[in-house]
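K.L.:
Before we start, here is the structure in question, set down as structure tokens.
The values are calculated or read from the model by the stated rules, or taken from the named source; none is laboratory data. It should be emphasised that the depicted structure is a prediction, and the values quoted were computed from it without experimental measurement. A quick note on method: Cβ atoms are made from the backbone with ideal geometry, for glycine too, and the neighbour counts reach across all protein chains shown.
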Amino acid sequence: MVFNTGAALLDAIVLAVVSHEQEGTYGYKITQEVRLVIEISESTLYPVLRRLQKDECLEIYDMECAGRNRRYYRITEKGRAQLNLYISEWHRYAAKLNSIFEGNMRRDTTNG
């Protein structure tokens with residue numbers, strides 16, 4: 001993809017992926033799902049997961065898998081609220097971009 005992905009968009013994408021699994025999901029699987037839409041390395045993803053955990057948007061727990069522990073990430077209520085905010089902001093942002101790309105620019109006097 002030719003567009004850079006900022007921190008807020010990465011947070012939104014990761015929260016969306018994690019929110020699809022009620023019991024949570026693990027880092028490698030999150031990476032694979034995110035890679036379906038953007039190019040991302042594990043070295044980029046894990047700091048995002050740590051930041052979302054620190055911000056109390058994700059909680060972590062370990063579960064045994066094939067004789068070793070695997071770290072799982074689950075969205076919290078705070079994370080779900082943040083995801084809903086990201087989704088509503090994304091719809092407004094995408095609509096504005098689409099209007100520019102389609103040549104239908106309108107000045108929105110309520111949101112600048």
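K.L.:
Please enumerate the residues belonging to the range 52-79 that are surrounded by 14 or more Cβ atoms within 10 Å (Cβ to Cβ) and either outside any strand (DSSP E or B) or among the hydroxyl-bearing types (Ser, Thr, Tyr) (or both).
P.N.:
LEU52, GLN53, CYS57, TYR72, TYR73, THR76, LYS78, GLY79, listed by residue number.
K.L.:
To continue, here is another question. Is it true that ILE40 is modelled with pLDDT of 95 or more and of a type outside the set (S, T, N, Q)?
P.N.:
Taking the combined requirement at face value, the residue does not satisfy it.
K.L.:
Counting only residues that are among the aliphatic types (A, V, I, L, M), without any contact (Cβ under 8 Å) to a residue 60 or more places away in the chain and either surrounded by fewer than 18 Cβ atoms within 10 Å (Cβ to Cβ) or in contact with a Leu (Cβ under 6 Å, 6 or more places away or on another chain) (or both), how many does the range 10-39 have?
P.N.:
Matching residues across the range 10-39 total 3.
K.L.:
Being hydrophobic (A, V, I, L, M, F, W, C) and either in a helix (DSSP H, G or I) or under 16 Å from ARG70 (Cβ atoms) (or both): is that true of LEU49 here?
P.N.:
On the way: hydrophobic (A, V, I, L, M, F, W, C): yes; either in a helix (DSSP H, G or I) or under 16 Å from ARG70 (Cβ atoms) (or both): yes.
Considered against the rule, which asks whether it is hydrophobic (A, V, I, L, M, F, W, C) and either in a helix (DSSP H, G or I) or under 16 Å from ARG70 (Cβ atoms) (or both), LEU49 comes out as yes.
K.L.:
Scan the range 8-44 for residues that are more than 18 Å from TYR86 (Cα to Cα) and either part of a helix (DSSP H, G or I) or touching a Cys at 6+ places or on another chain (Cβ under 7 Å) (or both) and jot them down. Reasoning before the result, please.
P.N.:
Here is the first cut: in the range 8-44, the residues more than 18 Å from TYR86 (Cα to Cα) are 21-33, 35-36, 39-44.
If the condition is that a residue be more than 18 Å from TYR86 (Cα to Cα) and either part of a helix (DSSP H, G or I) or touching a Cys at 6+ places or on another chain (Cβ under 7 Å) (or both), then GLY27, TYR28, LYS29, ILE30, THR31, GLN32, GLU33, GLU42, SER43, THR44 are the ones that fit.
K.L.:
Would you mind finding the one in TYR61, TYR46, TYR72, TYR86 that is within 15 Å of the chain's Cα centre (by Cα), among the aromatic types (Phe, Trp, Tyr) and closer than 15 Å to GLY27 by Cα?
P.N.:
TYR46
K.L.:
What's the number of the only condition in (1) surrounded by 12 or more Cβ atoms within 10 Å (Cβ to Cβ); (2) under 20 Å from THR5 (Cβ atoms); (3) at pLDDT 95 or above that LYS96 fails to meet?
P.N.:
(3)
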